[in-house]
Amino acid sequence: MSTNIKFKDDARQALKEGVDMVYNAVRVSLGAEGRNVIVPTHDGGYTITKDGVSIARSIYPGDTYAAIGASLVKEAAGRTNSQAGDGTTTATVLARSIFNLGLEKIDQGTSSVELKKGIDQATKDIVEYLKHSSTEVTKETLIDVATVSANGDRELGEIISKAFNKIGEHGQVLTEESDTEETYVELREGVVLDNGYTSRIFRTDAIKDICELDEPYVLLHRGKIEKSDRIVKLFDTVFKKPHERLLIITDDIDPFVHSIIGQNVDNGSIKGRVCVVIMPQILKVQKDLLNDLAVLTGATIVSDEKGTKIGVQVLGKVKKCVASERDTVIVGDANNLNDVIKEIKDKIEDTDNKFDKEELQERLARITGGVATLYVGAKSDSELREKQDRIEDSINATRSSLEEGIVSGGGVALANLYNRMFIRVKTSWYQRMFPLLSIFFGVYKTPSSFTTGYNIVVSACLNPYHQILENAGISFKFLNQGRGIDVRTGEEVCMLEAGIIDPTKVVRCALENAASVAGTFLTTEAVIARNNEDKS
């Protein structure tokens, strides 16, 4: 294998080409007046979307160095999508802004290492400010969050917010295609685990980053799965029938056993038919959650203590399982849990211990939170896919708002930070009046590399707001704290009062991921790329 190498400015400028390529494609989709982008699909066709991460992932520059640069914004968007489920376009705009502003300063002699330290500190300070200024979500503002993230579709916003109001904070909203042109919601009971799949090889949908299994068998295992031969025998039996699926939930799994499963997925024999999920270990309540799953699924827990072994005789079954990188939703027969729910409620009533009561309430919330299935209808396949993307963004944004609250939307929450946090270097009247003499005698104050890095992030925070206005054909202008432009009407409004709001978690994750990957790229001094003509 032969390689090519570029150094310093040449390396960073080569990366910039790919960064700009993704940015230019993604930025047009930002905001209520953002436009759609047509992207290729895995089946050789095309679809229309406003989803930033879908647009970014569809771009593969022909130049190797540009492709590496494109991976910068792809990573920022992908991480944000995994953590918050929305804000991918904002992450893309921020990442490009920080990277390009940083390049300009490095070209002028700024230390890239100190620059990155300033970027990191600014990010921490801004995140603290966002958390401090965050407002708890209400039923009314929940509708606004869902509506904004559904690209201003009030009807969808109301459907999604009502679903969350019914299923609670720990509930989940899933999407499926409707048999009609109508969009509606059905509620079912389900159990939510705070861990997702152990590897992305189990995904059944690469765009949504999920593994979705219909009517899978369920293996519940207490302790560590260490014997690969038993797993192989189980696979031989379960997967004899072409339509069977298997969900494995365990406390732990040996890396070798996991690799055996991965090899079977890679060779295509069970691809899209199996998923491995590790039980969350942080909360004490999780000790009882495996028993609750046994009741829900009808499975027998495999345990060395009880002498039960892996085999088809211990398997249970559920209606559906949807696992992401963040969590796993299991939908079964809710009636199976009636006795368990009654028992937990009785214990909550009987106990006076505050901590025990909280743990029981947490456990109850996880098995009674419920699952809302939103059936999406449309007049055409293209409209359906575009609508599904908007609904997915809205669902994720709504969930994020319940977790960390809300801030002013439309890019205003970040834009307001400019006057508040931008570090201005103080100079004397003499230096201002005679700058050339000051420079000549070496007394003219210039920002440190750290301060420059800090100000780069603060300056970049203006760009999402600027881009939203640009997409609406509105000129940029500064406004008072919490105020911005409603791009649908062109009027100046208080964003929170007007219902133009963003989940704090979405804004936070977008900034953190953009600053992280951009800062890392700015400290790059060499890029080693494979030769495109080398077939090895």
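The values are calculated or read from the model by the stated rules, or taken from the named source; none is laboratory data. Keep in mind that this is a model prediction, so the values were computed, not measured. In this analysis, Cβ positions are derived from the backbone assuming ideal geometry, glycine residues included, and neighbour counts consider all displayed protein chains. Keep in mind that these areas ignore ligands, DNA and RNA; they rest on the heavy atoms of the full protein, side chains included. Shrake-Rupley method; radii C 1.70, N 1.55, O 1.52, S 1.80 Å.
Show me 38-51, 406-419, 139-152 ranked by packing, highest mean number of other Cβ atoms within 10 Å first. Numbers along the way, then the final one.
Details: 38-51: 14.6, 406-419: 23.9, 139-152: 21.6.
Ranking, from highest mean packing down: 406-419, 139-152, 38-51.
The overall shape of the stretch 26-86 is oblate: from the C-alpha gyration tensor, with semi-axes ordered a ≥ b ≥ c, the ratio a/c is 1.5 or greater and a/b is no larger than b/c. Within the chain, DSSP assigns beta bridges of which about 65% are antiparallel (rounded to the nearest 5). Solvent-accessible area assigned to carbon and sulfur over the chain amounts to 48 percent, based on a 1.4 Å probe. Backbone geometry of the stretch 507-517 corresponds, through the Karplus equation with coefficients 6.51, -1.76 and 1.60 at θ = phi - 60°, to 3J(HN,Hα) couplings of 5, 4, 5, 4, 5, 4, 6, 5, 5, 5, 6 Hz, x marking Gly and Pro.
Compute the convex hull volume of the Cα atoms of the stretch 109-211, divide it by the residue count, and report the result per residue in Å³ as a whole number.
On the way: hull volume 22.7 nm³, N = 103.
Output value, Cα hull per residue: 220 Å³.
Note on Asn338 and Glu136: their simple-model spin labels are 3.5 nm apart, each label 7 Å out from Cα toward Cβ. For the chain, the longest principal axis of the Cα atoms and the long axis of helix 338-350 meet at an angle of about 70 degrees. The listed peptides 390-402, 120-132, 300-312, ordered by packing as a protection proxy, come out as 390-402, 120-132, 300-312 (highest mean of other Cβ atoms within 10 Å first). Rolling a 1.4 angstrom probe over the protein heavy atoms with all chains in place gives the chain an accessible area of 47 Å² per residue.
With coordinates expressed along the principal axes, the C-alpha atoms belonging to the chain extend over 87, 60, 53 Å, beginning with the largest. The shape of the stretch 325-408 can be summarised by an equivalent ellipsoid whose semi-axes, obtained from the alpha carbon gyration tensor, come to 35, 19, 8 Å from longest to shortest.
Compute the whole-percent fraction of alpha carbon pairs in the stretch 6-151 spaced more than 19 Å apart. Walk me through the intermediate numbers first.
Numbers: 6476 of 10585 pairs.
When all Cα pairs of the stretch 6-151 are counted, 61 percent exceed 19 Å.
For the chain, the longest principal axis of the alpha carbon atoms and the long axis of helix 255-266 meet at an angle near 90°.
For n ≥ 4 DSSP H runs only, could you compute -39500 (n - 2.57) per run for the chain, divide by its residues and tell me the 222 nm figure to the nearest 500? Could the numbers behind the result be given before it?
Details: 20 runs with 260 residues, N = 536.
The helix contribution divided over the chain gives -15500 deg cm²/dmol.
The residues neighbouring Thr110, those whose beta-carbon lies less than 11 Å from its own, together hold a net charge of -1 under the Lys/Arg +1, Asp/Glu -1 convention.
Binning the C-alpha pair distances of the stretch 182-272 at 5 Å intervals from 0 yields a P(r) profile of 3, 10, 20, 26, 20, 11, 5, 3, 2, 0 %, listed from the shortest bin outward. Between helix 228-238 and the chain there is an angle of about 70 degrees, using the helix long axis and the longest principal axis of the Cα atoms. Between Ser29, Val53, Pro40, the Cα set farthest toward the positive side of the dipole of the stretch 10-54 (charges on each charged residue's Cβ, about the Cα centre) is that of Ser29.
FRET efficiency for the Ile48 to Thr180 pair, using the beta carbon distance and R₀ = 22 Å, is estimated at 0.55. A Förster radius of 60 Å combined with the Cβ-Cβ distance from Lys166 to Gln108 puts the calculated FRET efficiency at roughly 0.60. For the stretch 53-200, what is the number of Lys pairs with C-alpha distance below 19 angstrom, counting only pairs 8 or more positions apart or on separate chains? Taking the Cα cut-off of 19 Å, the pair count is 5.
Basic side chains Lys and Arg get +1 at the Cβ, acidic Asp and Glu get -1 at the Cβ, and with that the dipole of the chain about its Cα centre reaches some 1420 debye.
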